[in-house]
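Engineer: Structure incoming, see below.
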Amino acid sequence: MAVTPSNMMALGTEAPAFDLTDVISGENKTLGDVKGEKGLVVMFICAHCPYVKHLEEEIAFVSEKYQRKGVGFVAISSNDVENYPGDSPEKLAEQAEKHDFDFPYLFDESQKVAKSYKAECTPDFYLFDADLKCVYRGRFDASTPGNEEPVTGEDLREAMDQLIDGVEVYQDQKPSMGCNIKWRQ
């Protein structure tokens, strides 16, 4: 497994639109459906990546807390399921149920959405303001499998707190690190 950094979308970029199937409800969800009053976190995750597994419980905790504060959350999986069947919609639904994900978990079968966000790795986090402009992109926190740093969501939490408080989100943002998105050939 090669560790891949996130691409770091330009701040101020408008969130690319999507219309994808939620692996939990079976319903299609759009960008407008998942946006919160204060903004939106878009996460590219999957079921098999050890970097995602390392954060799953805290992602569930943080999403629940911040959704109550008006920030929408959505997860998107874009991996090639033919070569990585552990990331099939059924496996994603199992992951969501196991960790009590209370946000839509969308399957990007065509991989067009991941490409439109320039997503490179799992996990990859993007925070958009109420106007759906990118104010944060990067890591959840400093923790990775095996580095002994606690999983806190500190980097993303700080950005969301600043967004909610109406202050400029800090610009010193670190890329996320994880498994590369499994692109189809």
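The values are calculated or read from the model by the stated rules, or taken from the named source; none is laboratory data. Quantities reported herein were computed from a predicted structural model and do not represent experimental measurements. Note that we place each Cβ from the backbone using ideal geometry, even for glycine, and neighbour counts take in every protein chain shown.
Engineer: Being of a type in the set (Asp, Glu) and in contact with a Ser or Thr (Cβ under 6 Å, 6 or more places away or on another chain) is the filter here; which residues of the stretch 63-114 pass it? Give the steps one after another, and end with the answer.
Structural biologist: The initial filter retains those residues of the stretch 63-114 that are of a type in the set (Asp, Glu), namely 64, 80, 82, 87, 90, 94, 97, 100, 102, 108-109.
Answer for the stretch 63-114, where residues must be of a type in the set (Asp, Glu) and in contact with a Ser or Thr (Cβ under 6 Å, 6 or more places away or on another chain): Asp87, Asp108.
Engineer: For the stretch 163-185, give me each residue that is modelled with pLDDT under 90 and within 19 Å of Met9 (Cα to Cα).
Structural biologist: Gln171, Asp172
Engineer: Further question: Any residue in the stretch 79-88 that is under 22 Å from Tyr117 (Cα atoms), of a type in the set (Phe, Trp, Tyr) and at pLDDT below 95?
Structural biologist: So far as the stretch 79-88 goes, yes, one or more of its residues are under 22 Å from Tyr117 (Cα atoms), of a type in the set (Phe, Trp, Tyr) and at pLDDT below 95.
Engineer: Now, a different point. I need the full set of residues from the stretch 47-78 which are of a type outside the set (Gly, Ala, Ser) and in contact with a His (Cβ under 7 Å, 6 or more places away or on another chain), in order please. Working first, answer last.
Structural biologist: So in the stretch 47-78, the residues of a type outside the set (Gly, Ala, Ser) come out as 48-59, 61-62, 64-69, 71, 73-74, 76.
Once the filter is applied, which keeps residues that are of a type outside the set (Gly, Ala, Ser) and in contact with a His (Cβ under 7 Å, 6 or more places away or on another chain), the stretch 47-78 yields Glu56, Glu57.
Engineer: Across the stretch 10-23, what is the total count of residues that are crowded, with 19+ Cβ neighbours inside 10 Å and within 28 Å of Asn83 (Cβ to Cβ)? So that I can check it myself, show each step before the final result.
Structural biologist: Taking the stretch 10-23 and keeping what is crowded, with 19+ Cβ neighbours inside 10 Å, we get 15, 18, 20, 22-23.
Right, trim to within 28 Å of Asn83 (Cβ to Cβ) and you get 18, 20, 22-23.
Residues in the stretch 10-23 being crowded, with 19+ Cβ neighbours inside 10 Å and within 28 Å of Asn83 (Cβ to Cβ): 4 in total.
Engineer: Output the residue which, of all residues in the stretch 79-95 that are out of contact with any His (no Cβ under 7 Å at 6 or more places or on another chain) and crowded, with 22+ Cβ neighbours inside 10 Å, is farthest from Ser63 (Cα to Cα).
Structural biologist: Step one: filter the stretch 79-95 for residues out of contact with any His (no Cβ under 7 Å at 6 or more places or on another chain), giving 79-83, 85, 88-95.
If we keep only those that are crowded, with 22+ Cβ neighbours inside 10 Å as well, we get 79, 92, 95.
Details: Asn79: 22, Leu92: 17, Gln95: 15 Å.
Restricting to residues being out of contact with any His (no Cβ under 7 Å at 6 or more places or on another chain) and crowded, with 22+ Cβ neighbours inside 10 Å, the top hit is Asn79.
Engineer: Tell me which of these Val167 doesn't satisfy, since it passes every other one: (1) in contact (Cβ under 8 Å) with a residue 24 or more places away in the chain; (2) of a type in the set (Val, Ile, Thr); (3) over 16 Å from Leu31 (Cβ atoms).
Structural biologist: (1)
Engineer: Tell me which residues, restricted to the stretch 101-123, are assigned to a strand (DSSP E or B) and either farther than 19 Å from Lys65 by Cα or of a type outside the set (Ser, Thr, Tyr) (or both). Show your work before the answer.
Structural biologist: As a first pass, look at the stretch 101-123 and keep what is assigned to a strand (DSSP E or B): 105-107, 121-122.
Matches in the stretch 101-123: Leu106, Phe107, Cys121, Thr122.
Engineer: Might you let me know whether the stretch 30-38 holds any residue that is modelled with pLDDT of 95 or more and touching a helix residue (DSSP H, G or I) at 6+ places or on another chain (Cβ under 9 Å)? Please lay out each step first, then the result.
Structural biologist: Pass one, the stretch 30-38, residues modelled with pLDDT of 95 or more: 30-38.
Add one more test, that the residue is touching a helix residue (DSSP H, G or I) at 6+ places or on another chain (Cβ under 9 Å), and what stays is 36, 38.
Looking through the stretch 30-38, at least one residue is modelled with pLDDT of 95 or more and touching a helix residue (DSSP H, G or I) at 6+ places or on another chain (Cβ under 9 Å).
Engineer: Would you point out which residue out of Asp161, Asp155 is outside any loop (DSSP other than H, G, I, E, B) and touching a strand residue (DSSP E or B) at 6+ places or on another chain (Cβ under 7 Å)? Talk me through it step by step, then tell me what you get.
Structural biologist: Working: Asp161 fails: touching a strand residue (DSSP E or B) at 6+ places or on another chain (Cβ under 7 Å).
When all the criteria are applied, what remains is Asp155.
Engineer: Whether any residue in the stretch 124-135 is in a loop (DSSP other than H, G, I, E, B) and over 19 Å from Phe73 (Cβ atoms) is what I want to check. Give the steps one after another, and end with the answer.
Structural biologist: If we filter the stretch 124-135 for residues that are in a loop (DSSP other than H, G, I, E, B), which is where we start, we get 130-132.
Still in the list and also over 19 Å from Phe73 (Cβ atoms): none.
Checked the stretch 124-135: no residue is in a loop (DSSP other than H, G, I, E, B) and over 19 Å from Phe73 (Cβ atoms).
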